[in-house]
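*Asks:* Could you have a look at this structure, given as structure tokens, before my questions?
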Amino acid sequence: MTAEKAQLTNGFGRLWTAQTVSSLGDGVSHAALPLIALTLTRDPMALAAVTAAGTVPWLLFGVLGGALVDRWDRRRTMWVTDAARAVLLAIPAAAAAFDALSIPLLAAVAFLLGLGGLFFDTAATAYLPALLGRDTAVLERANSRLRGAQTAMSGFAGPPAGSALLALGRAVPLLADAVSFALSALLVRSLPASARPESTARDSLLRQARAGASYVFRDRLLLGLALRPAVGNIAFLAVETVLALFAHDRLGIADFGFGLLLAAEATGGLLGAGIASFLGRRLGTGAALTCTATVEGLAILGLAAAPNPYVAGLALATCGAGMGATMVLGPSLRQAIVPAHLMGRVASTSRMLAMCAAPFGAFLGGWLAGAYDIRTPLYVAAGLLLTMTAVTATMTSNRQVEAALRAAASAADADDPETRGPVREGVIGGS
């Protein structure tokens, strides 16, 4: 057994368990929060405000957060953040118990949870190569398992559980998510310590943040990898904002059925995460990313035209499969080619572009639903996804991916081996 495989089964096992537990809680709240908001208002714009609030921290602090993560101990950042989110969720749970919930309170909690997510997700992305090394095969296997667990728990098991727990009281699903964050914090705290990032204390925080952002914008491949989720988030948030109303008003789905609808998307996500490596080898990483983006756009188009819940569930499952594969291939490629000391900033810049687009998508969905029809946001989202796929196809082509991996391999030979890790041969696949 190689050292990488040993780490994957030991230290990685705790990280995987922490992600699984936390994702289950996320799935509970993902289904429950829109339904809780629906008990307070049926105004699409008010619902959009709650949805968008969780993404605003990336707009305000995205790049700076990445620069801070590149200065801080990444393991400590993860467990402290999870512990803080566990305490935070006690506030709306108490408000729900005393019938004091409001849309502004839900939006404020969503904002703070999003801020915690910024630090946790950025630190986790940067920590994984430090834990496992930079072999692309190992990273793909790890990301596939992490993505599979996240999809299974947050999309498959969590939403039906959230809908069911909501029947016991509005505070119950919020408390369940709080417990999941607390357990995740304990598990992450037990992970192996990693070396601190290379010190760049002589540079100001703003200068370090700019360096990370410019690294993304100067690299055609990294920019393409960042633009796809940015445009995708406009589309997906436009859909997510109105999905509960769409399910209730157009498809006749009750609360528990809404959880099952989200579970259908998660089922597809599990399949997509499982076959991601196969697609990368068969089609080439770049071509596979273009293929999965096309599938997502066509699936949303099918959802918009769905005449019944069964067709809607199939469309969401297909979309989930495309998203699941994308979320394995894209991050694994980025982790293989980005220097370790820039990983936090590059990851946060890429995520910031995606998350900054999300509030626009949420309000776009709410406005389109209010001004036109509940299906209109879905049709517009499908058009955006397909247009984005066509525009970025050459930026993330197999040729671009192959060149980036060759450059990473050359840098690994010329520089410190921990700066650029080994690159698996044959990852590209087709031409």
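*Asks:* When only the heavy atoms of the protein chains count and the probe is 1.4 Å, how do CYS356, CYS319, CYS291 rank by accessible area, highest first?
*Replies:* Reading off the accessible areas and sorting them downward yields CYS291, CYS356, CYS319.
*Asks:* If you find the alpha carbon centre of region 263-292 and of region 311-370, how far apart are they in angstrom?
*Replies:* 14 Å
*Asks:* Which of (i) 1.00; (ii) 1.07; (iii) 0.95 is the computed Rg/Rh (Cα atoms, Kirkwood Rh) for the structure on display?
*Replies:* (iii)
*Asks:* Among ALA321, ALA123, ALA137, whose mean-square fluctuation peaks in a Gaussian network model of the chain (Cα, cutoff 10 Å)?
*Replies:* Among ALA321, ALA123, ALA137, the largest mean-square fluctuation in the Gaussian network model of the chain belongs to ALA137.
*Asks:* Could you state the accessible area per residue of region 232-388 in Å², with a 1.4 Å probe and every protein chain left in place?
*Replies:* 33 Å²
*Asks:* How large a share of the accessible area of region 11-168, in percent, is made up of carbon and sulfur atoms when the probe is 1.4 Å and the other protein chains stay in place?
*Replies:* Carbon-and-sulfur percentage of accessible area, whole number: 69.
*Asks:* Taking the chain as the reference, fit the longest principal axis to its C-alpha atoms, fit the long axis of helix 11-40 to the helix C-alpha atoms, and give the angle between the two in degrees, 0 to 90, nearest 10.
*Replies:* The two axes meet at around 30 degrees.
*Asks:* Moving to a separate point now. Heads up, I need the accessible area for ARG141: 1.4 angstrom probe, whole protein in place, Å², nearest 10.
*Replies:* 70 Å²
*Asks:* Order TYR127, TYR379, TYR372, TYR310, most accessible first, counting only protein heavy atoms with a 1.4 angstrom probe.
*Replies:* Largest accessible area first, the list is TYR310, TYR372, TYR379, TYR127.
*Asks:* Accessible area of THR392, 1.4 Å probe, to the nearest 10 Å²?
*Replies:* So the heavy atoms of THR392 present about 0 Å² to solvent.
*Asks:* Going by accessible area, probe 1.4 Å, with all protein chains left in place, what is the ranking of ARG207, ARG85, ARG375, largest first?
*Replies:* Largest to smallest exposure gives the sequence ARG207, ARG375, ARG85.
*Asks:* Report the charge-dipole magnitude of the chain in Debye, nearest 20, computed about the Cα centre from +1 at each Lys and Arg Cβ and -1 at each Asp and Glu Cβ.
*Replies:* The calculation lands at about 680 debye.
*Asks:* Would you mind calculating the gained length between LEU40 and LEU206 on full extension (0.36 nm times residue separation, minus the Cα-Cα distance), in nm to one decimal?
*Replies:* 55.7 nm
*Asks:* Another one. Which shape class applies to region 29-97: rounded if a/c is under 1.5, otherwise prolate when a/b exceeds b/c and oblate if not, where a ≥ b ≥ c are the square roots of the Cα gyration tensor eigenvalues?
*Replies:* Verdict is oblate for region 29-97.
*Asks:* Pick from LEU118, LEU24, LEU191: which is most flexible by mean-square fluctuation in a GNM of the chain where alpha carbon atoms under 10 Å apart are linked?
*Replies:* Of the options given, LEU191 has the highest mean-square fluctuation.
*Asks:* Still on this structure, please answer the following. How tilted is helix 285-304 with respect to the longest principal axis of the chain? Cα atoms for both, answer in degrees (0 to 90, nearest 10).
*Replies:* 0 degrees
*Asks:* Between helix 398-414 and the chain, what is the angle of the helix's C-alpha long axis to the longest principal axis, kept within 0 to 90° and rounded to the nearest 10?
*Replies:* 50 degrees
*Asks:* Could you work out, for region 316-390, what percent of all Cα-Cα pairs fall into each 10 Å distance bin, beginning at 0 Å and stopping at the bin that holds the largest distance?
*Replies:* For region 316-390, the pair-distance distribution reads 15, 36, 32, 14, 3.
*Asks:* Compute the relative contact order of the chain as a whole-number percentage, counting only Cα pairs closer than 8 Å that sit 6 or more residues apart in sequence.
*Replies:* 27 percent.
*Asks:* In Å, what is the Rg of the alpha-carbon atoms in region 1-123, and how long is Dmax?
*Replies:* Here Rg and the maximum Cα pair distance are 17.0, 57 Å.
*Asks:* At a 1.4 Å probe radius, carbon and sulfur cover how many percent of the accessible area of region 179-327?
*Replies:* Ligands and nucleic acids excluded, carbon and sulfur reach 65 percent.
*Asks:* Roll a 1.4 Å probe over the protein heavy atoms and report the accessible area of LEU329 in Å², nearest 10.
*Replies:* 0 Å²
*Asks:* Follow-up question, since we're still on this one. Would you calculate the separation in nanometres between label points at SER190 and ARG76, each defined as 7 Å from the Cα along the Cα-to-beta-carbon direction?
*Replies:* 2.1 nm
The values are calculated or read from the model by the stated rules, or taken from the named source; none is laboratory data. These figures come from a predicted structure and were not determined experimentally. Here the Cβ is made from the backbone with ideal geometry for all residues, glycine too, and neighbour counts use every protein chain on show. SASA here: full protein model, heavy atoms, side chains in, ligands and nucleic acids out. Shrake-Rupley method; radii C 1.70, N 1.55, O 1.52, S 1.80 Å.
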